[in-house]
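Okay, structure first, notes after.
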């Protein structure tokens, strides 16, 4: 077969313009609306948690990071169309790489913020008034 000829489709397989060789099809209008709606909700809930002081400060940070991780996955699936079927699994490797970077970034951020909070010198209002 030449490079421009394709193998015939098996019975029941879709074919036509929307079919991509090894790639994911573009999303539908409904999938983009679903992604947008989930993005808004996954942003609004942490915003509300912070503004309404619903949870203790220590817990709020972890909950916000969990929502951020979920939102990254939503964006990757609904907007970037990453799945295990497209591009011979390369997208799955991109997903795995993103998860590793996400874990390193979130755990490193928490570690740095915790150590900065622990090692900062406590300062009261009276101490601040006496500063030059």
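Table for the structure above
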| quantity | calculated |
| --- | --- |
| Contour excess over end-to-end distance, with Cα ends at residue 59 and residue 80 and 0.36 nm allotted per residue | 4.5 nm |
| Region 29-120, relative contact order [Cα under 8 Å, separation at least 6], % | 26 percent |
| Gain in span if fully extended, residue 45 to residue 115, counting 0.36 nm per residue against the direct Cα distance | 22.5 nm |
| Cα gyration tensor shape of region 29-120, rounded if a/c is under 1.5, else prolate or oblate by comparing a/b with b/c | oblate |
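Here, each number is a calculation from the coordinates, and none is a lab measurement. Please read all numbers here as calculations on a predicted model, not as lab measurements.
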